[in-house]
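Since every read-out is calculated from the coordinates, none of them should be taken as a lab result. None of the values given here were measured: they were computed from a predicted structure. Every residue, glycine as well, gets a Cβ built from its backbone with ideal geometry; the counts of neighbours run over all protein chains shown.
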Amino acid sequence: MNSTLKSQLEHRTIRKFTDEKIDKEIMDSLFAVAVRSASGNGLYSYSMIHVKDDDKKSKIAEICNQPYVKNNSDLIIFVVDMYRNSKIAKENGLDDVGNDLDSFIQGVSDALIAAQSMVVAAESLGIGTVYFGSILKDIKGVSEILNLPKLTFPIIGLGLGYKNHEPALKPRLPRHMQVFEDEYKKFDNYTETIKNFDEEMNEYIDLRDTTKTVGKFTTQVVNKLKNSLGRNRNMIDEIKTRGFDMDIV
């Protein structure tokens, strides 16, 4: 097994970092890998913001309610970016483009593919990584901190640094529940099918709180989906506020 495969199979989220900074040359290489990632229609509908200002990092950490947003070597915010292409189009005689649902989804895909490419590259070099979906708690606030124009949207944050702990590997769904051949496979009773995985997850201790386990997977699914009900409408409103039209004609 080559070293990159090994590092991917040992992927874990790192939330404690040493004070050692990642060299500029290494960061340049990680950005080079990210920009070489696949892009829908070759439109490169995303941008990356390397947040180096301590005050900005602290403000984003407050939004996320996660101190390790600032306690890492480097923080990158991946942004859906149709502002650039819409300006190019306008400069060439085409107005009011790039604000549709398809463009937004394409930008999300581009940004997340680039982010994962950077994660794989970083971990192959022994650098720890942590995603921050929590930047979505206050999209307006993050957009103001980063001075984002309309037709951009902060979709995911990524923290990089040298590991100061070695958390246990978090259990994953059994492969037969996610990997199918030729067509989608349905199960008669999902709760019964993942019973063993449920117990395995119930024994896993997340280092964010070592006094308790994360709980059964089925319980997590119910609680998190229930809590997401009110956020979905707010998310659509936030996307519209950023200049994207979510109405399907």
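Quick notes on this structure:
- Residues (of a type in the set (Phe, Trp, Tyr), surrounded by 13 or more Cβ atoms within 10 Å (Cβ to Cβ) and part of a helix (DSSP H, G or I)) located in the range 171-205: PHE197
- Residue in the range 95-125 that is farthest from LEU9 (Cα to Cα), counting only those that are without any contact (Cβ under 8 Å) to a residue 40 or more places away in the chain and over 15 Å from the mean Cα position of the chain (by Cα): ASP95
- Once the range 1-39 is narrowed to residues that are in contact with a Leu (Cβ under 9 Å, 6 or more places away or on another chain) and among the charged types (D, E, K, R), the residue that is farthest from ALA111 (Cα to Cα) is LYS16.
- Candidates in the range 21-41 are the residues that are among the basic types (Lys, Arg) and in a loop (DSSP other than H, G, I, E, B); of these, the one that is nearest to ILE135 (Cα to Cα) is LYS21.
- TYR44 vs. criteria of a type outside the set (A, V, I, L, M), part of a loop (DSSP other than H, G, I, E, B) and either in contact with a strand residue (DSSP E or B) (Cβ under 9 Å, 6 or more places away or on another chain) or surrounded by fewer than 19 Cβ atoms within 10 Å (Cβ to Cβ) (or both): yes
- The one condition from (1) within 19 Å of GLU166 (Cα to Cα); (2) assigned to a helix (DSSP H, G or I); (3) touching a Lys or Arg at 6+ places or on another chain (Cβ under 8 Å) that ARG15 does not meet is (2).
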